[in-house]
Amino acid sequence: MNTRIIDKIEQPADLSGLSPIELETLAREIREILIETVSHTGGHLAPNLGVVELTIALHLVFHTPEDKIVWDVGHQSYVHKILTGRREQFATIRQYGGLSGFPKTRESVHDCFETGHSSTSISAALGLALARDLNKEKHAVVAVIGDGALTGGMSFEAMNHAGHVGTRLVVVLNDNEMSIDSNVGALSGYLSKLRTDPRYYKSKGEIEEFLRRIPSLGPKMVRTVERFKDSLKYLLMSGIFFEELGFTYLGPVDGHNLQALRQVLERARGVKGPVLVHVYTQKGKGYRPAEKNPDTFHGIGQFDIKTGEPIAKEGNPTFTRVFGDCMIRLGEEHPKLVAISAAMSDGTGLKCFAKKFPDRFFDVGIAEQHAVTMAAGLARSGYLPVVAIYSTFLQRAYDQIVHDVALQELPVIFAVDRAGIVGEDGETHQGIFDLSYLRHIPGMILMAPKDQNELAAMLGSAIGYGRPTAIRYPRGSGMSDVIDEKHSPLELGRGELLRQGKDLTILAIGPTVYSALEAAEILAKRGRQAAVVNCRFVKPLDEPLIMTWAERTGRLLTIEDNTIAGGFGSSVLELLSRRGWRGECYCLGVSDCFVPHGKRELLCSAYGLDAGGITDFIQSKGW
């Protein structure tokens, strides 16, 4: 029986005794574990396949938990988890009660900071480094950031500050969009080695000191040498931009060459100030289907290992697909319609729109704040911008929505995808706050469709409202199996009565409408008649419809897949308070907590948002 190298690795310290050949074998074994596990659980495969050698090298050079490694976004931390004592639990990744797909401090002392959104690592790492300095400690701090995350403005704010304070900090730039140019790479590698050799720093300092001692001429000669050195850098160094920010630039280096990685990281560790190590990697490395289609395997569900094909589940069209199809139809009807994405053209369903209307599609990269304010500029100039961003990421542009869009009453449409309980990506990605952070903005129209056809109707109607409008819809398929191409405009602020009842009224929003209808069926069999209202609009509410059924039944229950605080239920309670209503009203939604990872159906059940949970709640109140 052959013993795998990986079976000997319980903690990162176990790597130190391995030979170069054993380390290469370990990398292959880790890739096998990644492919096998993610084929069953789903997850971020391509990014993790691309950082196997980089992660091994980081743990060879830096010694966690004493040294700190911050993973930007964190979806590429699977290898880190395997090497830090969580290999036995790795099969549970992204499953309810199992390992998170992102760094979690409560999982391991080796996870020093929790991440899930992009472009935060350098800021967090700088904070850790400054705390180290204040405590007079000596450990290293490393931020690992991808080239995509580097497009986020927060990254440059952090680098600008890090270069200013000059503390010891290692930033590893994982560049997986370009292949290595051997000529440029060799030259840069040589210059990096020369400039980071301790003997270089010593001799450089000695020469400068010697020149300064020469009366009159010395200082001028030092300045001349500095100018000459800088001119050479501009001519030869691809990393001059980072140098200007105050970082020593090392690289580029082959991110799949363990020996080269180990050497450059050792040099980086010895630099006295901030240093950036530029690493080239290949997304999906070691698994042919992922190498050929890294975008598909960036985040994927279950798939067949032999073919690389997803194990597709037949179902109704997804909300995202319907949104994308509807955008093309609306684009044909409205020449001024433009679409904006923040590095999610495929994920938001805009890929086909981009192909059909390339001049009217703008992907701004991971820059949600810029996306929103740019949309405001387009709207001010007479265009009809639709900004498609996941709910959890739109949080990052809150000030721009308030200050640049709503304050000026500009007709920007926000297509808020992945709203509500999303599932396996967990706490950092659940879209459970959008109703709360959008509802209180003056002038904002806020809608949530019960199904895909209602989404299409809302999108078409929003164009005619002429005001800031947000439509929030969930991940995955909806209840409609046939999608209509023609939809009548929805009257602003009008809901619909779906079921009559005399004992209580359920006010639902978004996909919870169908759970409410199912609950009403269960209650009917038990002799209780529940009216069900699809409110459609969180803002403005259909006040006449709500008050009619509040007076008629005397009991109201609101349902939403959003945090209860400040959400849909809160808006209904505010209405009832204004009207002086004296009946009973309760709100069902997500309690005051962050929702963990797990399948959406399981999580909805856990928070009482499925038909069974709604029915149990109603019966617990004696209704």
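The values are calculated or read from the model by the stated rules, or taken from the named source; none is laboratory data. Since we're looking at a predicted model, the values are computed, not measured. Note that we place each Cβ from the backbone using ideal geometry, even for glycine, and neighbour counts take in every protein chain shown.
If you check 467, 494, 472, which single one turns out to be under 27 Å from residue 598 (Cα atoms) and either modelled with pLDDT of 95 or more or in the same structural domain as residue 571 (by TED's automatic domain parsing) (or both)?
Numbers: 467 fails: under 27 Å from residue 598 (Cα atoms); 494 fails: under 27 Å from residue 598 (Cα atoms).
The match here is 472.
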Across segment 546-563, what is the number of residues that are in contact with a Gly (Cβ under 6 Å, 6 or more places away or on another chain) and surrounded by fewer than 19 Cβ atoms within 10 Å (Cβ to Cβ)?
-> 1
Test: residue 616 is over 25 Å from the mean Cα position of the chain (by Cα) and either in contact (Cβ under 8 Å) with a residue 60 or more places away in the chain or over 29 Å from residue 96 (Cα atoms) (or both) = no
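Okay, residues lined up against (1) outside the structural domain of residue 325 (by TED's automatic domain parsing); (2) buried (at least 23 other Cβ atoms within 10 Å of the Cβ); (3) more than 23 Å from residue 536 (Cβ to Cβ):
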position	(1), (2), (3)
361	no, no, yes
365	no, no, yes
368	no, yes, yes
403	no, no, yes
406	no, no, no
420	no, yes, no
426	no, no, yes
441	no, no, no
444	no, no, no
Among the strands (runs of 3 or more DSSP E) lying completely within segment 436-511, list those that include at least 2 residues that are touching a residue at least 60 places away in the same chain (Cβ under 8 Å).
-> 445-447, 504-508
Matching residues in segment 474-505 - criterion: being among the β-branched types (Val, Ile, Thr) and within 32 Å of the chain's Cα centre (by Cα) | 482, 483
Could you run through segment 512-529 and say how many residues are outside any helix (DSSP H, G or I) and either among the polar types (S, T, N, Q) or within 27 Å of residue 419 (Cα to Cα) (or both)?
-> 1
Residue list for segment 297-343, restricted to those being hydroxyl-bearing (Ser, Thr, Tyr) and either touching a His at 6+ places or on another chain (Cβ under 6 Å) or free of Cβ contacts under 8 Å to residues at least 60 places away in the same chain (or both) | 307, 341
Of all residues in segment 132-154 being at pLDDT below 95 and closer than 28 Å to residue 293 by Cβ, which is surrounded by the fewest Cβ atoms within 10 Å (Cβ to Cβ)?
-> 147
What are the residue pairs meeting all of these: first residue in segment 524-544, first residue within 16 Å of residue 512 (Cβ to Cβ), second residue at pLDDT 95 or above and of a type in the set (Phe, Trp, Tyr), Cβ atoms under 8 Å, and 6 or more apart or on different chains?
-> 531/549; 533/549; 535/568; 538/568
Name the pairs: first residue in segment 562-578 and closer than 16 Å to residue 506 by Cα and touching a residue at least 60 places away in the same chain (Cβ under 8 Å), second residue β-branched (Val, Ile, Thr) and part of a helix (DSSP H, G or I), Cβ to Cβ under 8 Å, at least 6 apart or on different chains?
-> 572/546
Scanning segment 25-38 residue by residue, those crowded, with 21+ Cβ neighbours inside 10 Å and polar (S, T, N, Q) turn out to be none
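Being assigned by TED's automatic domain parsing to the domain that holds residue 264, on the phi > 0 side of the Ramachandran plot and in contact with a helix residue (DSSP H, G or I) (Cβ under 6 Å, 6 or more places away or on another chain): is that true of residue 155 here?
On the way: assigned by TED's automatic domain parsing to the domain that holds residue 264: yes; on the phi > 0 side of the Ramachandran plot: no; in contact with a helix residue (DSSP H, G or I) (Cβ under 6 Å, 6 or more places away or on another chain): yes.
No: the conditions fail for residue 155.
So which of 55, 92 is β-branched (Val, Ile, Thr), under 29 Å from residue 344 (Cα atoms), crowded, with 24+ Cβ neighbours inside 10 Å and under 24 Å from the mean Cα position of the chain (by Cα)?
Numbers: 92 fails: crowded, with 24+ Cβ neighbours inside 10 Å.
When all the criteria are applied, what remains is 55.
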Report yes if some residue within segment 413-420 is assigned to a loop (DSSP other than H, G, I, E, B) and in contact (Cβ under 8 Å) with a residue 12 or more places away in the chain; otherwise report no.
-> yes
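Do the conditions hold for residue 254, that is, is it among the charged types (D, E, K, R) and buried (at least 16 other Cβ atoms within 10 Å of the Cβ)?
yes
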Inspect segment 9-20 for any residue being of a type in the set (Val, Ile, Thr) and in contact with a helix residue (DSSP H, G or I) (Cβ under 9 Å, 6 or more places away or on another chain) and give the result as yes or no.
-> yes
Exactly one condition in (1) assigned to a loop (DSSP other than H, G, I, E, B); (2) β-branched (Val, Ile, Thr); (3) under 18 Å from residue 392 (Cα atoms) is not met by residue 305; state its number.
-> (3)
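Looking only at segment 308-349, how many residues end up being of a type in the set (Val, Ile, Thr), outside any loop (DSSP other than H, G, I, E, B) and within 25 Å of residue 152 (Cβ to Cβ)?
Residues of segment 308-349 that are of a type in the set (Val, Ile, Thr), as a first pass: 311, 318, 320, 322, 328, 338, 340, 348.
Those still in the list that are outside any loop (DSSP other than H, G, I, E, B) too: 318, 320, 322, 328, 338, 340.
This time we only want the ones that are within 25 Å of residue 152 (Cβ to Cβ), so: 320, 338, 340.
Total meeting the criteria: 3.
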Among residues of segment 111-153, those that are under 13 Å from the mean Cα position of the chain (by Cα) and charged (D, E, K, R), counted | 1
